[in-house]
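A short worksheet on the structure shown next.
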Amino acid sequence: MSETVLKKRVESVDALRGFAVMAILLIHNIEHFIFPVYPDVATQPHWLNILDQAVFETLFALFAGKAYAIFALLFGFTFYVQYENRRRSGKDFGPRFLWRLALLAGFATINAAFFPAGDVLLLFSIVGIKLFVVRKWSNKAVGILAVICLLQPMEWFFFFSRQIMPDWGVSEMYAEVAEYTRTGDLASFFMGNITLGQKASLLWAINAGRFWQTAGLFLVGYWLGRKQLFDSSSENARFWLKVLIVAAVIFAPLNALLQKVQEGEAAKTIGIVLDMWQKLAFTGVLVASFMLSYRMTAFRKRIASLKWYGRMSLTNYIVQSILGALIYFPWGLSLAPYCGYTLSLLIGVVLFVLQNFFCRWWLNHYRQGPLENLWHRLTWIGTSR
């Protein structure tokens, strides 16, 4: 990737990030932002119940666990761009990146206040330290460590040692989160979310394989940046075509194996590994398909608005949580009991359109999104760059 490309926005990456944040918004809407209160199916027409189930299954099959994975992958790539730009000016971005992660933990707290059961940004701020550690490693070393992380070593340890991963009472924590959310007490909601909710989220991430997968995806994104594989070239197109073929081929058997390991103790070890692997394979299909399609002018024109959305990913992600809380929770409009999966999806689409319109307007007047600008300014506070 040339120095010019590094200094400019990489449009394909912005658009891909926008796609990921949009998918997260749609998933969070049909989940009611982790507030599982829905209309009684007995009161709805049969056709609507069938449609609701189809919407739920389709959205989860396409995006659940995959949109976040794309988000994580691009987090690693963004670190590469930031680190490389500083390295070319003879400086080490590493220490400043640690401060940037601390700031991200602050943004995570704001988001978690509106998002019951924790927030992925806090996980990113913790796991991101691994990027600091490997920033000067060779490409080979980074690649090897990425593979080790994606192999889910903790789950294999518990499997071969015939031990069971402790759940640390995560289910009980989530039950408590649901209880204070239902009361509609705003103070309890905010305080519980940034304490108990964040704790439950981190422990769930460890149990569900998200901790190691996030680390692996960060490293893969960093490695992809170093190898200049997000650059637009015929050689890179061949790389993404190979990724698409391999990911598509291995997805089916991984998914089939996962279906066979859904019960018993194996589900808590091998089941988690297979779940993470099949989601990773499908993520590969999504990313490779997107990168290949982005080479086509017609596709770029159709999804052009996503690049605006992706450039303001932090702002959009946090505003999503605030709007979702206002729409669905008891202290807001309390619409959760009246919104099935289909209506929730439509609400998500409307929110995306409104957010996207705002992004385009804002970026036509300002260089960065409001929270992106704040994060940038605080990152470089006390220095002349």
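The values are calculated or read from the model by the stated rules, or taken from the named source; none is laboratory data. Computed from a predicted structure; not experimentally measured. Because the Cβ atoms are built from the backbone with ideal geometry, glycine has one as well, and the counts that use them run over all protein chains shown. Ligands, DNA and RNA are stripped out before the accessible areas are found, and what is left, the full protein with its side chains, is counted by its heavy atoms. Shrake-Rupley method; radii C 1.70, N 1.55, O 1.52, S 1.80 Å.
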Exercise. Is any helix in the chain, taking whole DSSP H runs, at least 30 angstrom long along its axis by alpha carbon and on average at least 0.5 on the Kyte-Doolittle scale, and which ones?
Worked result: 94-114, 234-260, 270-293, 341-363
For this session: Could you check which residue among V134, V177, V21 shows the biggest mean-square fluctuation in a GNM of the chain with a 10 Å Cα cutoff?
Result: V134
Exercise. In deg cm²/dmol and to the nearest 500, what is the mean residue ellipticity at 222 nm of the chain if only DSSP H runs of at least 4 residues count, each as -39500 (n - 2.57), divided by the residue total?
Worked result: -23500 deg cm²/dmol
Problem set entry | Two-site label geometry, A141 and R377: point separation in nm, points 7 Å out along Cα→Cβ | 3.8 nm
Exercise. Percent relative contact order of the range 45-166, based on C-alpha pairs within less than 8 angstrom and at least six residues apart?
Worked result: 17 percent
Problem set entry | Solvent exposure of the chain as accessible area per residue, Å², 1.4 Å probe | 47 Å²
Exercise. So, with a 1.4 angstrom probe, what is the percent of accessible area on the range 154-293 that is carbon and sulfur?
Worked result: 64 percent
Seminar exercise, completed: Length gained, A237-A252, 0.36 nm per residue minus C-alpha separation, equals 3.0 nm
For this session: For the range 1-137, give the percent of accessible area contributed by carbon and sulfur heavy atoms, probe 1.4 Å, rounded to a whole number.
Result: 66 percent
Exercise. Roughly what percent of Cα-Cα pairs across the range 44-121 reach past 22 Å?
Worked result: 51 percent
For this session: At 4 °C and 1.567 mPa s, grab the translational diffusion coefficient of the chain from Stokes-Einstein with a Kirkwood Rh over Cα pairs, rounded to a whole number in µm² per second.
Result: 59 µm²/s
For this session: For the pairs K279/K301; K130/K227; K136/K242, note any where the Cα-Cα span goes beyond 23 Å.
Result: K279/K301; K136/K242
Seminar exercise, completed: Taking Cα pairs closer than 8 Å and at least 6 residues apart, the relative contact order of the chain in percent is 32 percent
Exercise. Taking 0.36 nm per residue of separation and subtracting the Cα-Cα distance, what length does fully extending V353 through Q262 add?
Worked result: 29.0 nm
Seminar exercise, completed: FRET efficiency (W47, R302; Cβ distance; R0 30 Å; to 0.05) is 0.45
Problem set entry | trypsin sites (Lys or Arg not before Pro) within the range 18-113: DSSP coil, no more than 15 neighbouring Cβ in 10 Å | K91
Exercise. Taking a quarter of the surface of the convex hull around the Cα atoms of the range 153-238, what do you get in nm²?
Worked result: 9.3 nm²
Problem set entry | Selected from E84, E172, E31 as most flexible by GNM, with the chain as the system and alpha-carbon contacts under 10 Å | E172
For this session: Arrange the residues K260, K227 by how much accessible surface each exposes, largest first, with a 1.4 angstrom probe.
Result: K260, K227
